[in-house]
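**Q** Take this structure first; my questions come after.
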Amino acid sequence: MEEILRIEHLEKTFGTNEVLKDIDFSVRKGDVISIIGSSGSGKSTLLRCINMLEEASGGRILYRGQNVLDGKLDEDRYRTKVGMVFQSFNLFNNYNVLDNCTIGQIHVLKRSKEEARAKAMEYLGKVGMDLYINAKPRQLSGGQKQRVAIARALSMDPEVLLFDEPTSALDPEMVGEVLDVMKDLAHSGMTMLVVTHEMAFARDISTRVVFMSDGRIEEEGSPQQIFQNPHSERTRDFLSRFNGD
Amino acid sequence: MTIGEMNFFQRMVYIVQEYGASLLEGAATTMAIAIICTAIGCVIGFAVGLVQTTEPSKKAGVVKRGLLKAVKLLLTAYVEVFRGTPMMLQAAFIYYGTSQVFGINLGMWSAAIIIVSVNTGAYMAETVRGGILSIDPGQKEGARAIGMSHVQTMMLVVLPQSLRNIMPQIGNNLIINIKDTCVLSIIGTVELFFTFRSISGALYTYFEAATVTMIIYFILTFACSRILRWIENRMDGPANFDLATGDTLAFTSGLTRYNEKTGGTF
């Protein structure tokens, strides 16, 4: 499978605090990678560095062979290829559901209004929110907001979608509806990088699991290997807390 | 019957009959200056507020950073000076200063508009800065994440929301401007307060003229505050939304209405 992203020796420090240390891994087309680990292990920072919302302190991020950190690549264009879904949704409060999904297409990708609308309706339909196009974000529940946020990211036709704890801000009832959408996406062949605390999702849906601890990748492998036969002591410790899940 | 023989109400009626046209003209001038200057002041305020909340990008060189810092310093000086001195003195300073030092006669209208706009701009700059800072950083990140540039992010996402948040403050400024144009009488602008002084000077009926003029001022400000409230409500949009469906049963089933209390539709 063709490689979309390759992360090499990525480092991130906040002051003297090393948050990411020598991160290496690659994302191939069709991968669904779950990044797990305890809070503060650097999972979210890793995603934010990949999307360039945080500036990496060292190392390289190669997008189709081109280093995005050397300043030569158009940052905004790159971001349209690497979509992001946030824990706190970040829908635009001043637009309704439909406009949230079309505004980027119209102003960034320069698509026509009709084309943008058709594309938005297609993805809003996929996440089951096509009836709500006239609603403002404040009128939606958390789960509905997150589904719209996923549709908004998809409308930009990204090659990879990054999920930053997409269900952590939701109450248990709503987690299911968002996970269902993500499962469908995974099955449809979307390339996904998911930071999550949903171990069932990591185990059953992802093609690969990355366990992070203390700013490093402690272990990486197939879900079966990580969940049934973890090599590292730390991985075993972490997963033991989720037994019976 | 002479003025001296009239009672309070008769005098008020007399003032309205004799000077109604001048009062209306004065009120119109006051409103025109207040509205134009609040609008220009908002534009200045947005421009200044935007620059002051701009962080230099990490890639920017030393020259760019230095330039931004210098511009910010200059704008801060502008804000502090115009907020920190009385508008009446600024009016005299600018109006007489330009004619004495530069030999330019600004004329009543341009002088009035420059002074009040620049003043409003200084106050609005701080308001806009606050408005921009009040927007959740997530809004910006959401916009950057779909590839919007800094300018697009500000124009399409952050500023519209800041504008909504600072609408009450814009209304405040408009009302302050309606009243504060009276200081322009120092440079001879014939607005409502100037008209009041002419009337009271001609008839020696200060109490009655003041009453009539106050009533007019109050009508102007009250009407403005109501209109602005209405605009705010329009900006918020309706509390309910309709499902986008042709299935009429979906509406009658009652699950489509937005519930204020729970914040959901179920």
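**Q** For the range B:225-235, take each phi angle, set θ = phi - 60°, evaluate the Karplus expression 6.51 cos²θ - 1.76 cosθ + 1.60, and give the result in whole Hz per residue in order, putting x for glycine and proline.
**A** 5, 5, 4, 5, 4, 5, 4, 4, 5, 4, 5
**Q** Could you please put A:His187, A:His9 in sequence from largest to smallest accessible area, using a 1.4 Å probe?
**A** Reading off the accessible areas and sorting them downward yields A:His187, A:His9.
**Q** How many angstrom lie between the Cα centre of the range B:97-123 and the Cα centre of the range B:182-244?
**A** Using only Cα atoms, the two centres lie 23 Å from each other.
**Q** Roughly how compact is chain B, stated as its Cα Rg over 2.2 N^0.38 Å to two decimals?
**A** In units of the globular-protein estimate, chain B measures up at 1.36.
**Q** Taking the Cα centre of chain B as the origin and placing charges on Cβ (Lys, Arg +1; Asp, Glu -1), which of B:Gly41, B:Asn105, B:Ser198 is farthest toward the positive end of the dipole?
**A** B:Gly41
**Q** If you don't mind, another one. In whole Å, what is the distance between the alpha-carbon centres of the range A:115-192 and the range B:1-76?
**A** That distance is 46 Å.
**Q** Another question about this same structure. If you average the C-alpha positions of the range A:82-107 and of the range A:19-66 separately, how far apart do those two centres end up, in angstrom?
**A** Distance between centres, Cα-based: 23 Å.
**Q** Let me ask something else about it. Looking at the range B:27-84, which trypsin sites (Lys or Arg not before Pro) are DSSP coil and have at most 14 other C-beta atoms within 10 Å of their C-beta?
**A** Answer in residue order: B:Lys58, B:Lys59.
**Q** Another question, then. Note the angle between two axes, namely the Cα long axis of helix B:87-101 and the longest principal axis of the Cα atoms of chain B, as a number of degrees from 0 to 90, rounded to the nearest 10.
**A** The angle comes out near 80 degrees.
**Q** Give the shape of the protein assembly as shown as rounded, prolate or oblate, defined through the alpha-carbon gyration tensor: a ≥ b ≥ c are the square roots of its eigenvalues, a/c under 1.5 means rounded, and otherwise the shape is prolate if a/b is larger than b/c and oblate if not.
**A** Cα axes put the protein assembly as shown in the prolate bin.
**Q** Toward the positive end of the charge dipole of the protein assembly as shown, about the Cα centre and with charges on Cβ (Lys, Arg +1; Asp, Glu -1), which of B:Phe8, A:Phe211, A:Val82 goes farthest?
**A** My answer, from the dipole projection, is B:Phe8.
**Q** A further question on this structure: For chain A, what is the calculated [θ] at 222 nm in deg cm²/dmol (nearest 500), taking -39500 (n - 2.57) for each run of four or more DSSP H residues and dividing by its residue count?
**A** When only DSSP H runs of four or more count, the value is -11000 deg cm²/dmol.
**Q** Output ³J(HN,Hα) for the range A:196-202: one whole-Hz value per residue in order, computed from phi by the Karplus curve 6.51 cos²θ - 1.76 cosθ + 1.60 with θ = phi - 60°, and x for Gly and Pro.
**A** 3J(HN,Hα) across the range A:196-202, in whole Hz: 8, 10, 8, 5, 5, 4, 4.
**Q** Per residue and in cubic angstrom, what volume does the convex hull of the Cα atoms of the range B:3-135 have?
**A** Convex hull volume per residue, Cα atoms: 170 Å³.
**Q** List the residues whose amide H sits under 5 Å from the amide H of A:Gly59, counting only those 5 or more places along or on another chain, with H placed 1.01 Å from N in the peptide plane.
**A** HN-HN under 5 Å from A:Gly59: A:Glu11.
**Q** Right, another one. Let me know the mean shielding of A:45-55 by other chains, meaning the per-residue number of their Cβ atoms within 10 Å of its Cβ.
**A** 1
**Q** In addition: Suppose every K and R has +1 on its Cβ and every D and E has -1 on its Cβ; what is the size of the dipole of the protein assembly as shown about the Cα centre, in Debye to the nearest 20?
**A** 920 debye
**Q** Still on this structure, I have one more. If eta is 1.306 mPa s and T is 10 °C, what Stokes-Einstein diffusion coefficient results for the range B:92-133, Kirkwood Rh from Cα pairs, in µm²/s?
**A** Rounded to a whole number, D works out at 137 µm²/s.
**Q** Another question, if that's okay. Go through A:Gly71, A:Phe14, A:Ile4 and say which Cα lies farthest out towards the positive end of the charge dipole of chain A; charges sit on Cβ, +1 for Lys and Arg, -1 for Asp and Glu.
**A** About the Cα centre, the residue reaching furthest to the positive side is A:Gly71.
**Q** Report, in deg cm²/dmol and to the nearest 500, the calculated mean residue ellipticity at 222 nm for chain B, where each DSSP H run with n ≥ 4 adds -39500 (n - 2.57) and the sum is divided by the residue count.
**A** It lands at -24500 deg cm²/dmol.
**Q** Averaged over peptide A:138-144, how many Cβ atoms belonging to another chain are found within 10 Å of each residue's Cβ?
**A** Average per residue, whole number: 5.
**Q** Can you list residues whose amide H is under 5 Å from A:Arg28's amide H, if they're 5+ apart or on another chain and H is modeled 1.01 Å from N?
**A** Residues meeting the criterion, in which the H sits 1.01 Å from N, are A:Ile4.
**Q** Can you compute the charge dipole magnitude of the range A:54-191 about its Cα centre, using +1 on each Lys and Arg Cβ and -1 on each Asp and Glu Cβ, nothing else charged? Give it in debye, rounded to the nearest 20.
**A** Result for the range A:54-191 is approximately 420 debye, rounded to the nearest 20.
**Q** On to the next question. Can you tell me the order of A:225-238, A:94-107 when each peptide is scored by its average per-residue count of other Cβ atoms within 10 angstrom, highest first?
**A** A:94-107, A:225-238
**Q** Now a separate question. If the cut-off is 29 Å between C-alpha atoms, which lysines fall inside it for A:Lys21, apart from same-chain ones fewer than 8 positions away?
**A** Qualifying lysines at Cα under 29 Å: A:Lys12, A:Lys29, A:Lys43, A:Lys72, A:Lys81, B:Lys58, B:Lys59, B:Lys140.
**Q** Treating only the Cβ atoms of Lys and Arg (+1) and Asp and Glu (-1) as charged, compute the dipole magnitude of chain B about its Cα centre; round to the nearest 20 debye.
**A** In total the dipole reaches around 1060 debye.
**Q** What three numbers, in Å, describe the spread of the alpha carbons of the range A:114-245 along their principal axes, ordered from the longest?
**A** 53, 29, 24
**Q** To the nearest 10 degrees, how steep is helix B:159-180 against the longest Cα principal axis of chain B, on a 0 to 90 scale?
**A** 10 degrees
**Q** For the range A:87-154, run through the trypsin sites (Lys or Arg not before Pro) and keep only the ones in DSSP coil with at most 12 other Cβ atoms within 10 Å of their Cβ.
**A** A:Lys110
**Q** Continuing with the same structure: Compare the peptides B:91-104, B:171-184 by average per-residue count of other Cβ atoms within 10 angstrom and give them in order, highest first.
**A** Order by mean packing, descending: B:171-184, B:91-104.
**Q** Residue by residue through B:147-153, how many Cβ atoms from other chains fall within 10 Å of the Cβ on average?
**A** Other-chain Cβ atoms within 10 Å of each residue's Cβ, averaged: 5.
**Q** Tilt of helix B:192-203 relative to the longest C-alpha principal axis of chain B, in degrees (0 to 90, nearest 10)?
**A** Between the helix axis and the principal axis of chain B, the angle is about 10 degrees.
**Q** Over the Cα atoms of chain A, how large are the radius of gyration and the largest Cα-Cα distance (Dmax), in Å?
**A** In order Rg, Dmax, the Cα atoms of chain A give 17.9, 55 Å.
The values are calculated or read from the model by the stated rules, or taken from the named source; none is laboratory data. Everything numeric in this text was worked out from a predicted model, so none of it was measured. No Cβ is skipped: glycine too gets one built from the backbone with ideal geometry, and neighbour counts run over all protein chains shown. With ligands, DNA and RNA removed, areas are computed over all heavy atoms of the protein, side chains included. Shrake-Rupley method; radii C 1.70, N 1.55, O 1.52, S 1.80 Å.
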